[in-house]
Amino acid sequence: MNLKPLGDRVVIKKVEAEEKTKSGIVLPSSAKEQPQMAKVIAIGADILNDEKKKDQIKEGDTVIFSQYAGTEVKIDGEEYTILKLNDILAVVE
């Protein structure tokens with residue numbers, strides 16, 4: 001299934017959080033911090049058609065986003081988050 005965001009929305013897939021601390025302690029899933037880094041899967045048409053915005057982000061970029069931003073969806077067993085471009089704080093290079 002192909003997921004196509006509308007308007008100024010971006011579809012991201014979260015990067016999994018570490019399961020061990022630096023000292024080697026294994027964390028249970030309830031103790032893990034929710035990741036704030038993700039890969040960009042798809043970008044809405046309003047962003048791609050805007051001369052100023054289209055160069056800020058592209059598919060495949062790793063980004064940092066606001067902690068409680070977006071709507072989480074599950075499609076074909078995969079979890080994605082759909083959020084506005086304004087909720088993306090930075091691109092990791």
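The values are calculated or read from the model by the stated rules, or taken from the named source; none is laboratory data. The structure displayed is predicted, hence computed values, not measured ones. Here the Cβ positions follow ideal geometry from the backbone for every residue, glycine too, while neighbour counts run over all protein chains shown.
Can you find, within the stretch 1-35, the residue that is modelled with the lowest pLDDT among those that are among the basic types (Lys, Arg) and assigned to a loop (DSSP other than H, G, I, E, B)?
Out of the qualifying residues, it is Lys32.
Looking at the stretch 54-67, which of its residues are without any contact (Cβ under 8 Å) to a residue 40 or more places away in the chain and part of a loop (DSSP other than H, G, I, E, B)? Give the steps one after another, and end with the answer.
So the first thing to find is which residues in the stretch 54-67 are without any contact (Cβ under 8 Å) to a residue 40 or more places away in the chain, and the list is 54-56, 58-61, 64, 66-67.
Listed by number, the residues that qualify are Lys54, Asp55, Gln56, Lys58, Glu59, Gly60, Asp61, Ser66, Gln67.
Condition check: touching a strand residue (DSSP E or B) at 6+ places or on another chain (Cβ under 6 Å), within 16 Å of Val15 (Cβ to Cβ) and crowded, with 17+ Cβ neighbours inside 10 Å. Does Ile64 satisfy that? Talk me through it step by step, then tell me what you get.
On the way: touching a strand residue (DSSP E or B) at 6+ places or on another chain (Cβ under 6 Å): yes; within 16 Å of Val15 (Cβ to Cβ): yes; crowded, with 17+ Cβ neighbours inside 10 Å: no.
Spelling it out, it is not the case that Ile64 is touching a strand residue (DSSP E or B) at 6+ places or on another chain (Cβ under 6 Å), within 16 Å of Val15 (Cβ to Cβ) and crowded, with 17+ Cβ neighbours inside 10 Å.
In this structure, does Val63 turn out to be over 13 Å from Val91 (Cβ atoms), at pLDDT 90 or above and of a type in the set (Val, Ile, Thr)?
On the way: over 13 Å from Val91 (Cβ atoms): no; at pLDDT 90 or above: yes; of a type in the set (Val, Ile, Thr): yes.
The answer is no for Val63.
Give the stretch 73-93 a look and list any residue that's closer than 15 Å to Ala42 by Cβ and in a strand (DSSP E or B), or say none.
Within the stretch 73-93, Val73, Ile75, Glu78, Glu79, Tyr80, Thr81, Ile82, Leu83, Lys84, Ile88 qualify.
Which count do you get for residues in the stretch 38-49 that are in a loop (DSSP other than H, G, I, E, B) and either surrounded by fewer than 14 Cβ atoms within 10 Å (Cβ to Cβ) or within 10 Å of the chain's Cα centre (by Cα) (or both)?
As a first pass, look at the stretch 38-49 and keep what is in a loop (DSSP other than H, G, I, E, B): 44, 49.
With either surrounded by fewer than 14 Cβ atoms within 10 Å (Cβ to Cβ) or within 10 Å of the chain's Cα centre (by Cα) (or both) added as a condition, the list becomes 49.
Residues that pass the stated criteria total 1.
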